[in-house]
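Presented below is the structure to which this report refers.
The values are calculated or read from the model by the stated rules, or taken from the named source; none is laboratory data. All values reported here derive from a predicted model rather than from experimental measurement. Using ideal geometry, Cβ is built from the backbone for each residue, glycine included, and neighbour counts are taken over all protein chains shown. Only protein heavy atoms, including side chains, enter the accessible area calculation; ligands, DNA and RNA are left aside. Shrake-Rupley method; radii C 1.70, N 1.55, O 1.52, S 1.80 Å.
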Amino acid sequence: MKKNLSNNMKRAAAGLCVVMMLSGAVPVGVIGGVAAINASADTRTVYTPPVVSYLKGNKAVKLSWNEIEGAERYAIAGYVNGEWKMLDRTTDTTYILSGLAANTEYRVAVIPMLNGKYVKDFSNSIVVTPKPVYPKLSSIQYNKTYHQFRLNWNQIPNAECYGVAVFLAGKWKIVDQNIPANTTTYTSPKLRPGKTYKMMIGAKVNGKWDLTNVNSRSFTVTIK
């Protein structure tokens, strides 16, 4: 009798394994060493990851996302060196990610904890970047003999090159957009003394020129 009962239990267990394999009940991995979560095919079909948006800050970004029903908490994950890593956890639906480098892009995602497990689903990942850092004019040197000037500015992280523009006839005109990244000066040609120019300095980062807040970044130069 005991032997038959034992055989029946073995057959039932084997049958359960087959049912699990057919239903897709396979482990779904997670990040940061958190234990794996077993999610059925039906659960994965119904589950929708949170939609993440962000606001730029100084060397930081503020992440926001919609609340997921049943979520006990959320993990903020970052894609680092080819793999996803858990950066922090929160029970809120906002999070400030700080300590970021200026002019640098980061890929992040938010994953919820459901039934005590973090779901590894990064389909909601987005690329974020903090507020850009602009080249700031540090000094202007004048050559009265040749009626020239030299602009000097600070070096910008991840700058590929620099550009200088002048405001003429109601619009910005590029003077030079091929100043090497290791060069933070620009010397003008000979100009007419007494003439005043409105100018700005820009940096190309990640293949793009950041031309936001152009007017507040501009300055004037008067030829001597």
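What the table below lists for this structure:
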{"item": "Boolean, Tyr146 is open to solvent by 60 Å² or more (accessible area, probe 1.4 Å), in a loop (DSSP other than H, G, I, E, B) and not basic (Lys, Arg)", "result": "yes"}
{"item": "Residue check for Lys171: in contact (Cβ under 8 Å) with a residue 60 or more places away in the chain, open to solvent by 80 Å² or more (accessible area, probe 1.4 Å) and over 23 Å from the mean Cα position of the chain (by Cα)", "result": "no"}
{"item": "Residue selected from the range 174-184 under the condition of a type in the set (A, V, I, L, M) and part of a strand (DSSP E or B), by the criterion surrounded by the most Cβ atoms within 10 Å (Cβ to Cβ)", "result": "Ile179"}
{"item": "Test for Thr212: is it under 27 Å from Thr104 (Cβ atoms) and in a loop (DSSP other than H, G, I, E, B)", "result": "yes"}
{"item": "Checklist (1) of a type in the set (Ser, Thr, Tyr); (2) assigned to a loop (DSSP other than H, G, I, E, B); (3) open to solvent by less than 20 Å² (accessible area, probe 1.4 Å) applied to Thr104, failing item", "result": "(3)"}
{"item": "Odd one out for Ile111 among (1) out of contact with any Leu (no Cβ under 9 Å at 6 or more places or on another chain); (2) closer than 18 Å to Tyr54 by Cβ; (3) open to solvent by less than 50 Å² (accessible area, probe 1.4 Å); (4) part of a loop (DSSP other than H, G, I, E, B)", "result": "(4)"}
{"item": "Test for Ala35: is it modelled with pLDDT under 90 and either charged (D, E, K, R) or in contact with a strand residue (DSSP E or B) (Cβ under 6 Å, 6 or more places away or on another chain) (or both)", "result": "no"}
